[in-house]
Amino acid sequence: MTDPRPLLLPPERFVAVICIFLLALGILLAILRAQQVDWATVTFRLAVATGVGAAGAAYRRLGRSEGIALALIGTGLFVAFTNFALLVNYMFLPVIGPVIDTALTRFDAALGYVWRDYVLALGEFPSLMQLLRSVYLSSAAQMIGMILVLGFLERQLAMHRFLVAGTIAGLTTVAIWSVLPSFGPDAYLGTIAFPSFHTVMALLAVWYARGIWLFWPVLALNLLMLPAILLHGGHHLADVLGGAGVFALSAFLAGRLVPGTTAPDRSVAVAQR
C-alpha cells in the first residue's frame, strides 16, 4: 500500500513557512510599535488564502487533478505571502530618519535620466500614458495568471521555482527597504522605491513563461512594463536596476533550492505521485 500523497510538496512548504513567519512577525511588530491594523481584513485574507490552498491540497490528497492542485495551492500561497509581506512592510511606516532618494537621484543623473523630464516628454502622448497605466496595473493579474497557467499545465518545476523566487525576492525587497528606505521621485506614488518590486514581477513572469505558449505575449507586455514602472510607479531608474538585480539573485537561488532537470514538468509531477 502506497503512502498518501503529501498535502504540500517541499517548495510549497517552504513558502508556507515563510508566510507563517511573516504573519507572526507582522503581529509582533504591530504590538511592539502600537500600530493600528485592520485585523478584520487581515483575517479575511488569511481565510481566503487558507481556503484556496486547502482546496488544492485536498485535490492532491484525493488523487484528483494535480494541475488544479498546483494552481489552487500556488494561488493560496501567493495571496498569503503578498498580504503578509505588505503587513510587515506597513510596520516600518512612517519612516523616521534619512532616506536614500538623494543618492538614487544622483545615480540617475549620472546615467542621463531625470524623472521629471521623462514624465513631461511622455505627457505629449496621453494615449501612450494611458496604455502604460493599464500595463502597470496588470502586475498582480499577471502573477495570478502565471500561477494558474503553470498549474493547469502541470509545469510543476517552473511553478515551484516561480513561487520560491518570488518569495525570496519579496523578502529581499522588504529587507532592503527597511534598512535603506526610499520613496522615489514622486513620493505620492511610491511606497517601496528601491528596489522596484514591479520590475521583479515583470521579470518573474517573463522568465517562468519560457517554454509555453504564453511567453511571447508576456514578453511583449512586460517590455512595456519597464517604461510604465518609471512613469506610473514614480520610480528612479536605479530602482528598476535594483529590481533586476534582486530578481537575478532570487531566480538563481530558486534554481538551487528547487533542483530539477530539463525534462517536461508534467513528467516531474507524475514522478511525485
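In the stretch 67-77, which residues are closer than 13 Å to ALA16 by Cα and either open to solvent by 40 Å² or more (accessible area, probe 1.4 Å) or among the polar types (S, T, N, Q) (or both)?
Listed by number, the list holds a single entry, THR75.
For GLY242, indicate whether it is part of a helix (DSSP H, G or I) and open to solvent by 10 Å² or more (accessible area, probe 1.4 Å).
When the stated conditions are applied, GLY242 passes them.
With LEU221, LEU253, LEU249 as the choices, which residue is in contact with a helix residue (DSSP H, G or I) (Cβ under 8 Å, 6 or more places away or on another chain), at pLDDT 90 or above and within 30 Å of GLY123 (Cα to Cα)?
Of LEU221, LEU253, LEU249, the one residue that is in contact with a helix residue (DSSP H, G or I) (Cβ under 8 Å, 6 or more places away or on another chain), at pLDDT 90 or above and within 30 Å of GLY123 (Cα to Cα) is LEU221.
How about the stretch 25-46: which of its residues are open to solvent by 60 Å² or more (accessible area, probe 1.4 Å), assigned to a helix (DSSP H, G or I) and either aliphatic (A, V, I, L, M) or over 19 Å from PHE92 (Cβ atoms) (or both)?
Correct list: ILE27, LEU28, ILE31, LEU32, ALA40, THR43, PHE44, ARG45, LEU46.
Go through (1) part of a loop (DSSP other than H, G, I, E, B); (2) open to solvent by less than 20 Å² (accessible area, probe 1.4 Å); (3) among the charged types (D, E, K, R) one by one and return the number of the condition ARG64 breaks.
(2)
Being under 12 Å from LEU87 (Cβ atoms) and aliphatic (A, V, I, L, M) is the filter here; which residues of the stretch 15-48 pass it?
LEU22, LEU23, ALA24, LEU25, ILE27, LEU28, LEU29, ALA30, VAL37, VAL42, LEU46
Condition (residue is open to solvent by less than 20 Å² (accessible area, probe 1.4 Å) and modelled with pLDDT of 95 or more) applied to the stretch 260-268: is it met by at least one residue?
Within the stretch 260-268, not a single residue is open to solvent by less than 20 Å² (accessible area, probe 1.4 Å) and modelled with pLDDT of 95 or more.
If a residue has to be more than 13 Å from LEU29 (Cα to Cα) and part of a helix (DSSP H, G or I) to count, how many in the stretch 74-96 make the cut?
Matching residues across the stretch 74-96 total 10.
When residues of the stretch 168-225 are filtered for being under 23 Å from MET91 (Cα atoms) and of a type in the set (A, V, I, L, M), how many remain?
The qualifying residues number 14.
So LEU46 clears everything in (1) over 16 Å from LEU171 (Cα atoms); (2) within 17 Å of the chain's Cα centre (by Cα) except one condition, right? Which one?
(2)
Could you name every one of the helices (runs of 4 or more DSSP H) located completely within the stretch 97-213 that has at least 2 residues being touching a residue at least 12 places away in the same chain (Cβ under 8 Å) and open to solvent by less than 20 Å² (accessible area, probe 1.4 Å)?
Ranges flagged: 101-110, 126-136, 139-152, 156-179, 197-208.
So, in the stretch 214-239, of the ones that are open to solvent by 40 Å² or more (accessible area, probe 1.4 Å) and of a type in the set (A, V, I, L, M), which residue ends up farthest from ILE144 (Cα to Cα)?
LEU237
The values are calculated or read from the model by the stated rules, or taken from the named source; none is laboratory data. Just so it is clear, the model here is predicted, and its values are computed rather than measured. Note that each Cβ is placed from the backbone with ideal geometry, even for glycine, and that neighbours are counted across all protein chains shown. Heavy atoms of the whole protein, side chains included, go into the accessibility calculation; ligands, DNA and RNA do not. Shrake-Rupley method; radii C 1.70, N 1.55, O 1.52, S 1.80 Å.
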